[in-house]
């Protein structure tokens, strides 16, 4: 069930109404049932895998808490981690690993005897696995008591707004909320609905419309000029941002309506002045997870290495981050590039600070923002294509403005229509206008630190909401576009 | 309690928004119902009972681009209308033909054009937006429901759901529909000047990728065959002469279809149920690339030549 589907609209309304109609003691079971239904909508058989890891982690949590001595606790933690990582590794990385083994075999002139398996990745596997792992780690660290209520623990892993693509929550933040008595609150309702509205707008009006142009170009990169490839790469930055942040807004909003606060996942990352800042603002729940459970332990363990401990920690973290995003070398390469950039920024902090003092503030900020965005656009090419050779071809062509026909954006379709990236000219300009309009609105929100419609009178605000609804209904794209991060 | 009281503001907003959305819906739908050109217009004209020519043509893109209705009209001295709809299979066209059969009293002959893929199984509804202005018609609804029950139900009964299925073209056409309405509200609902024919001026190009990929084997779908057989029977029962016509396509297209002879004999069997059977798949036209835009579609030049050949035969039949 996609957040941008009619089915979800009905599901959300029914579940929310029932939630407030039921007595408090029964609410957790309603949410759990609803979450199971939501999960089973994708592929029902996989619920058993999820229930297996939930049962292991639930039991391990209790055992970790009650075990005496760190070694005994560690054994239970390792058991839980093996169960979680094992499931993740099998479903997500088996074929990737096997493909690489096949490559090695063929280099030596042999045939790989390990079979290829037709595995469909369970929805949101990487997200709920990381969330489950944070629970047992936190119990092991003594930051969280083991949850004794199996249903509540299952709900912590399966809570439907964040089940498919996060945010990856922490037990200290979520578990107490499931025990709280929730009252209907008008402000929560309005804040939640507003977030959902903005999220759906970003997804169906901006992201999916832009996706039509991006998919057209990436579908046949050799047919398009360098200018088109560059434009597609830039548009992809907006597509992925609107897609994922749109999903996160809907998740936050649908939870907020029922009184649950999920952690914020985005903070206008496209305006970051550095890659380091970008990772503080992009997919915050994953960044902080990796920081707490991977980067920090590495840096602490290797603290004798001084600066190199940080560099090493960063590279390992971003390598894992790349791999987390997808079982392909393009994702790993993307992660490594980001790791190198963040490491460079860490090591060059002093000279960059000196430069910041010399240059006018606006010039320094603008230059940093443009360079960071350029870096993101280039690295997302690897993220989008899924092929190293194609990625390098795009980079080579898109950044060669002196090449003949570079600015030739028009493309003659089979039916003799002139199009720009799959759109008739006026439609293309309408899409570009939409993207620029969105970028301006997002910038204003970023600058004022407030939702843009909060800065106007109430009448205008409601008119703004109505306009968003009209845009969604009459200008939205609703065809089969899954959220990009669902694949992870 | 305070929160509950404040809900009335939200309720008021929802009501006002609902009124606004229904108004926009009415404006768009009204325009769409008055479109008289393109595929949407053809469906409107038929469901408004505005088309009743001597010779009516039904089919898919091969017929829409291949039957030059104005030229046929000139050569046969009979009224002709091209009711073919691009990319649409006979299962989906059935409601249209059925409606036409019910009301058309003047019509004498109906041509059912069969392209090389006409008997292939096709799943789902093709471009439902063309049918949205008339989805309230029970005949249309049931026909669409048979193909995609979920989609048809939602488009008919759930407010605004249909807008999740339409392209921007629908709004543009709705605007054109308004213009047509304003210009011609005194005269009624006019026919388009091309009489449903869509001329394609293009020279020879390669066949569409999907067409060439699919072309290796084209199994006959029993259900589609049955739909066509039923349509022929129904049209004949209403006193119309039914002509089953295999449309001309370039010989390179024959080479792409392994089981062409099998398909052809299926079409022949349908032809035997009709009043007349015409097979243009081996006509002299089919050897000349100048007459085609690709392996399966005539261009404007070819359709003019084809019209002269067809008109001769029609004149003989409809004497």
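Values quoted throughout were computed directly from the atomic coordinates according to the rules given, and no laboratory measurement underlies them. Everything numeric in this text was worked out from a predicted model, so none of it was measured. Here the Cβ is made from the backbone with ideal geometry for all residues, glycine too, and neighbour counts use every protein chain on show.
Summary of values
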read-out: Helix B:2-33 vs. chain B, principal-axis angle (Cα, 0 to 90°, nearest 10); value: 30 degrees
read-out: Neighbour-count order for B:27, A:200, B:128, fewest beta carbons within 10 angstrom listed first; value: B:27, B:128, A:200
read-out: Other protein chain Cβ atoms within 10 Å, averaged over every residue that makes up B:242-254; value: 0
read-out: Sequence-separation-based contact order of the range A:15-151, relative, with Cα cut under 8 Å and 6+ spacing, percent; value: 32 percent
read-out: Beta bridge orientation in chain B: antiparallel %, DSSP, nearest 5; value: 10 percent
read-out: Peptides A:252-265, A:340-353 ordered by average Cβ neighbours within 10 Å, highest first; value: A:252-265, A:340-353
read-out: Fully extended contour minus Cα-Cα distance, from residue B:10 to residue B:184, at 0.36 nm per residue; value: 58.4 nm
read-out: Shape category assigned to the range A:1-127 from the gyration tensor of Cα positions, a/c cut at 1.5; value: oblate
read-out: Convex hull projection area averaged over all views, chain A, Cα basis, nm²; value: 28.0 nm²
read-out: On Cα atoms only, tilt of B:90-103 relative to the major axis of chain B in degrees; value: 90 degrees
read-out: Distance in nm between pseudo-label sites at residue A:105 and residue B:98 (7 Å out along the Cβ direction from Cα); value: 5.6 nm
read-out: The range A:179-254 versus the range A:290-309: alpha-carbon centroid distance in Å; value: 34 Å
read-out: Shielding of B:21-29 by partner chains, average beta-carbon count, 10 Å; value: 1
read-out: FRET efficiency, 1/(1 + (r/R0)^6) with R0 25 Å, evaluated for residue B:153 and residue A:45 via beta carbons; value: 0.35
read-out: Modelled FRET efficiency - R0 22 Å, residue A:183 with residue A:9, Cβ distances, 0.05 increments; value: 0.35
read-out: Percentage relative contact order, the range A:251-315, counting C-alpha pairs under 8 Å, at least six apart; value: 20 percent
read-out: Efficiency of FRET between residue A:267 and residue B:259 - r from beta-carbon atoms, R0 56 angstrom, step 0.05; value: 0.40
read-out: Ranked B:233, B:120, criterion: other C-beta atoms within 10 Å, fewest first; value: B:233, B:120
read-out: Angle in degrees between helix B:300-317 and the longest Cα principal axis of chain B, rounded to the nearest 10; value: 70 degrees
read-out: Difference of contour (0.36 nm per residue) and Cα-Cα distance, residue A:68 to residue A:393; value: 111.2 nm
read-out: Relative contact order (%) - criterion: Cα under 8 Å, at least six apart; region: chain B; value: 25 percent
read-out: Packing-based ranking, highest mean first, of B:217-226, A:312-321 given that Cβ atoms within 10 Å are counted; value: A:312-321, B:217-226
read-out: Shielding score for A:189-198, defined as the mean number of other chain Cβ atoms within 10 Å; value: 1
read-out: Distance in nm between pseudo-label sites at residue B:313 and residue A:145 (7 Å out along the Cβ direction from Cα); value: 8.7 nm
read-out: Ranked list, fewest to most other Cβ atoms within 10 Å of each Cβ, for A:228, A:242; value: A:228, A:242
read-out: Separation in nanometres of the label points that stand 7 Å from Cα toward Cβ, at residue A:460 and residue A:301; value: 5.5 nm
